[in-house]
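First the structure, in the form of C-alpha cells, and then the observations on it.
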Amino acid sequence: MANGFFTDTTLCIGCKACEVACKEWNQLPAENYHLSGMSYDNTVALSATTWRHVAFIEQIGNGSHATAATDGANRPGAQAVSESIRQQPGPQVRSGDGLLGEHRWLMMSDVCKHCTNAGCLDACPTGALIRNEFGDVYVQPDICNGCGYCVPACPFGVIDLQQADGRVWKCTLCFDRQKEGLTPACAKACPTQSILFGDLAELRARAEKRVGMLHARGITGAYLYGGPDEHTSVGPLNAFFLLVDEPHVYNLPVNPQLPQSKVLPAYLATALTATFFGVATLYTLLAGRRWSKNPLSAGFPLRGMREKTMRWGVRRNRA
Amino acid sequence: MTQTQRDQAVQVQRSGSTAPATTYYGRPMIKRPTWKWYIPLYFFIGGVAGGAAFLGGMAQLFGGEHHRATVRHARWIALIGALLSPLLLIADLGRRGRFHHMLRILKFSSPMSVGTWILTTSGMISGVAAVKQAAEDDFILPRQSRIGRLARAVPNGPLSLLQAVFGLGLGGYTGVLVAVTAVPLWFAGVLLLGPLFLATSLASGASLLALLALFRRHKATAVTAASDEQARAEVEQVATVAAAAQLGLSVARELATPQQVARPLRTGLWGAIYQVSAVGAGMLAPLALRLPAQVRGRAVGRSISAAAATLSLVGALAERFAIVEAGKQSADDPLAYQEMTKSKPGEARPTATQQAQRANIHEGFEPGQVVQDRFVR
C-alpha cells in the first residue's frame, strides 16, 4: 500500500511551519514579499517553488461567503470588510455548525494530491513523471525537458513550470526522506498533527474515525475530500483532506476530472472526421479523374470552365 | 457605490447571476498553460503542412494526371512544415537541449507523446517525398545522380498513402492535445476540438495549394491551362468541404460550452479576434466567396479564389492564437472551472452525513475516545 498525507484542517492553526519546513528541506527559493490582503495568506497558491500552501478563510458573521470572488487588491480596511460581509446574502451557518459557532477562521495546508489517476502523469510525453515505489507521483528532474504539458493537465493546479529553471516542479512527498525511512518535512514539522504521514490504509481508517468523532462533537459539516470513497475520475487521493465546508471554499474542485479520461473518445472523434475528409476528397478527386480522361469535353464537374479558360488564354496571348 | 454593491456587481459580471459563488479570493483553481507564441504558430504551420500533405498524397494516389503540380506543391509545403515545426516546438521547451527526451517513450494517454511520433514520422516521410520530387523534377538534385535514382525508385503508392494518413494525424492531434487538459474552455469541447483543428488544417492546407495553383504560370495550350484550372477547382472543392466542417464544428463547440466557460471566446480582445477573424474571415467569407460559383458547377474566378484562400489562411492563424490565448484566460477563471467540475451532492464523494454514518458503523466510535497516534515518528 502506498504512503500518503492526511491533512486534517480542523487541527490546523495556520502556523505555516509546513511551508517553511518544505522550503528548507527542499531548498526552494522564496518567491515574493507581497502582502496579498487575503487574510494571513501571503503565499497565495502552490507553485513550482512552493509545495505546501496554507489557505486562510475568514468567515465572519452569518455568511459563509466572506471571501466570495473579492480580489485581495480591491479590499478596503478590515472594518469595512466585515461590514460588507455582514450585509452579504448567503446561507446561514447553523449555530454549533462551525468550529467557533458564528465566526470561523478556516485554515488548510494544501499540497500535491498524488492522485490515483494523475493528469500530469498521463500527460507527460518524456516519462519524467513517474509513480515511485511509495505510490507517489514524482518528477525526475534529470528527464523533464520543460514542455509544460502537465501544467494544464493537473485538475488541482499544482504542478508548475519554473521559468528560470526550465523544468516543472511539485511536491515529491519527500521522496529522498522516505527512502531513508524519514517522515516528510511538512508532517514532521506540523505541531498539531494536522498533517499526518503514513500508510494510506491506516491513514484512511484513522481519518474515517476522525470524521465520526467530529460529527459526534457537533461539527456536522466534517467530511473527507479525496478519501477512500471518492467517485471522481481522478480517484482517491494519496494526499487527502478533512474539510468542514464546501470544496470551493478551499479552492478545490467539487468533482475533479481526469482530462485523459476523455482521450480515447477524442481520438475516435478525430479519426471519424479524418475518415469523412478522406471520403470527401476521394469523391472530388475521382470526379476530376473522369474529367481528365477527356479534358476537352465541357462536362462534370465544371461546366463552362473550358470556355472561361480559353478566354483567359486569349487575354494572356494579347498581353 | 458601496463595497458590497461593487462585490455584487463583480459577481453578476462574472457568473451572470446574483447567486453568490464561492471562490478563494477569486484566485485561479488551475495553472494556466505556459506555452508561448511558438505553440499556436506551430499549430498553424503544422496544420497547413498536414492538410497539404494529406491532399497531395490523395491527389497522387487517386487524382488525375492534371494534379502533378498539386502533388509537387504539397510535397514542398510538407517539407517546409516538417522543417519549421520541430524548431518552433523545441524553442518553447524549458530545456531545449533535452528535446530528444520526447523520443524516449510512446504513451497513448498523452496526445503530446502521440503527436511527437506523428510529427517525427510524417517529417521523415515528407523528407523522402521532397527528395523524390526534387529528383523527378531535376531540381537541385540531378535525376541521374545516385541519390536521385534511389529517390525516384521509392514507390509512389505507399509513400503517398503514408503521407496522406500522417498528414491527417498531424492536422488533428493538436486539437486532441489541447482538449485533453483541465482548461475549462478546451475541455468543454473535448470531442470537438480534434475534429475542428483537423478541419482547419485541411481548409488552410487546401487554400495554400489553391493559392500556389493560381501563381503557377500557365502553359500556352488550352488543354494544359484547363487542366490547371480543373486541379485548382478540385482543391477548392476540398477546401470548401473543410471550411463548412470548420463552421459546423465551431457552432457545435459554442453550443456545447456553458456561458461562463465560453466567455473568453465571446468577449474581449481574443473573443473579437476569434469571432471576426477566425469565424468571419476564416470560415464564413471563404464559403461565401467560393460557394456561389461552385454550386453552379463553374470555376471560381481567379481574384475571388485568391481572396478566399488568403482569408482562410489568415482565419486559421487567428483561430489557433485565439483558442490558445482564450484557454489561458479560461484557466484563470475559477468560476469557469467550478462550472466544469460541478456535480450533485454525494455524486463525487459521500456527503458529510453519509461519511459520519459509515464511520460510526465501522469504528463504533464513542464520544470522548482518544485515538492513539501511531503514525508520526
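The values are calculated or read from the model by the stated rules, or taken from the named source; none is laboratory data. No experiment lies behind these values; they were computed from the predicted model shown. When we count neighbours, we look across all protein chains shown, and the Cβ atoms used for this are built from the backbone with ideal geometry, even at glycine.
Which of the residues belonging to region B:204-231 are within 10 Å of chain A (Cβ to nearest Cβ) and part of a helix (DSSP H, G or I)? Those that are within 10 Å of chain A (Cβ to nearest Cβ) and part of a helix (DSSP H, G or I): B:ALA206, B:ALA222, B:VAL223, B:THR224, B:ALA225, B:ALA226, B:SER227, B:ASP228, B:GLU229, B:GLN230, B:ALA231. Among the residues of region B:242-254, the one identified as without any contact (Cβ under 8 Å) to a residue 12 or more places away in the chain and either within 11 Å of chain A (Cβ to nearest Cβ) or surrounded by 23 or more Cβ atoms within 10 Å (Cβ to Cβ) (or both) is B:GLY248. The residues of region A:129-145 that are under 19 Å from A:PRO259 (Cβ atoms), without any contact (Cβ under 8 Å) to a residue 24 or more places away in the chain and buried (at least 19 other Cβ atoms within 10 Å of the Cβ) amount to a single one, A:LEU129. Looking across region A:98-132, the residues that are at pLDDT below 95 and either assigned to a loop (DSSP other than H, G, I, E, B) or at positive phi (or both) come down to A:GLY98, A:LEU99, A:LEU100, A:GLY101, A:GLU102, A:HIS103.
Beta carbons closer than 6 Å, at least 6 apart along the sequence or on distinct chains, pair a first residue in region A:263-284 that is within 8 Å of chain B (Cβ to nearest Cβ) with a second that is of a type in the set (S, T, N, Q) for A:VAL263/B:SER109; A:THR284/B:GLN237. The set of residues in region A:211-220 being in contact (Cβ under 8 Å) with a residue 40 or more places away in the chain and either at the interface with another protein chain (Cβ under 7 Å from one of its Cβ atoms) or on the phi > 0 side of the Ramachandran plot (or both) consists of A:GLY218, A:THR220. Six or more apart or on different chains, Cβ under 7 Å: which pairs go from a residue in region B:77-102 that's assigned by TED's automatic domain parsing to the domain that holds B:THR116 and farther than 18 Å from A:THR126 by Cα to one that's part of a helix (DSSP H, G or I) and of a type in the set (S, T, N, Q)? Could you list them? If the second residue must be part of a helix (DSSP H, G or I) and of a type in the set (S, T, N, Q), the pairs left are B:ALA78/B:SER126; B:ALA78/B:GLN163; B:LEU79/B:SER126; B:ALA82/B:SER122; B:ALA82/B:SER126.
With a requirement of 3 or more residues that are at pLDDT below 90 and within 7 Å of chain A (Cβ to nearest Cβ), the helices (runs of 4 or more DSSP H) lying completely within region B:282-377 that satisfy it span B:352-363. In region A:163-272, counting only helices (runs of 4 or more DSSP H) that sit wholly within it, the ones holding 1 or more residues that are touching a helix residue (DSSP H, G or I) at 6+ places or on another chain (Cβ under 6 Å) span A:185-189, A:200-216. Among the conditions (1) away from every other protein chain (no Cβ under 13 Å); (2) of a type outside the set (S, T, N, Q); (3) touching a strand residue (DSSP E or B) at 6+ places or on another chain (Cβ under 6 Å), the only one that B:ILE80 does not satisfy is (3).
Among the residues of region A:146-176, those that are surrounded by fewer than 19 Cβ atoms within 10 Å (Cβ to Cβ) and more than 9 Å from chain B (Cβ to nearest Cβ) comprise A:ALA164, A:PHE175, A:ASP176. All conditions but one from (1) away from chain A (no Cβ under 11 Å); (2) assigned to a loop (DSSP other than H, G, I, E, B); (3) at pLDDT 95 or above apply to B:LYS36; the one that does not is (1). Tell me whether region B:121-128 contains one or more residues that are touching a Phe, Trp or Tyr at 6+ places or on another chain (Cβ under 7 Å), outside any loop (DSSP other than H, G, I, E, B), surrounded by fewer than 20 Cβ atoms within 10 Å (Cβ to Cβ) and away from chain A (no Cβ under 14 Å). Yes, because at least one residue in region B:121-128 is touching a Phe, Trp or Tyr at 6+ places or on another chain (Cβ under 7 Å), outside any loop (DSSP other than H, G, I, E, B), surrounded by fewer than 20 Cβ atoms within 10 Å (Cβ to Cβ) and away from chain A (no Cβ under 14 Å). From the residues in region B:181-203 that are within 17 Å of B:GLN329 (Cα to Cα) and facing another protein chain (nearest Cβ under 7 Å), which one is surrounded by the most Cβ atoms within 10 Å (Cβ to Cβ)? Among those residues, the one meeting the criterion is B:VAL183.
Taking the listed residues B:ILE45, B:ILE80, B:ILE90, B:ILE30, the one that is hydrophobic (A, V, I, L, M, F, W, C), in a helix (DSSP H, G or I) and either crowded, with 20+ Cβ neighbours inside 10 Å or at pLDDT below 95 (or both) is B:ILE45, with no other qualifying.
Is there a residue in region B:138-158 that is buried (at least 21 other Cβ atoms within 10 Å of the Cβ) and at negative phi? For region B:138-158, residues buried (at least 21 other Cβ atoms within 10 Å of the Cβ) and at negative phi: absent. Return a yes/no flag: does region B:109-116 have any residue that is within 15 Å of the chain's Cα centre (by Cα), more than 7 Å from chain A (Cβ to nearest Cβ), closer than 26 Å to A:LEU282 by Cα and surrounded by fewer than 24 Cβ atoms within 10 Å (Cβ to Cβ). Within region B:109-116, one or more residues are within 15 Å of the chain's Cα centre (by Cα), more than 7 Å from chain A (Cβ to nearest Cβ), closer than 26 Å to A:LEU282 by Cα and surrounded by fewer than 24 Cβ atoms within 10 Å (Cβ to Cβ). Residues in region A:178-205 that are more than 22 Å from A:GLY14 (Cα to Cα) and over 25 Å from the mean Cα position of the chain (by Cα): A:LYS179, A:GLU180, A:GLY181, A:LEU182, A:GLU202, A:ALA205.
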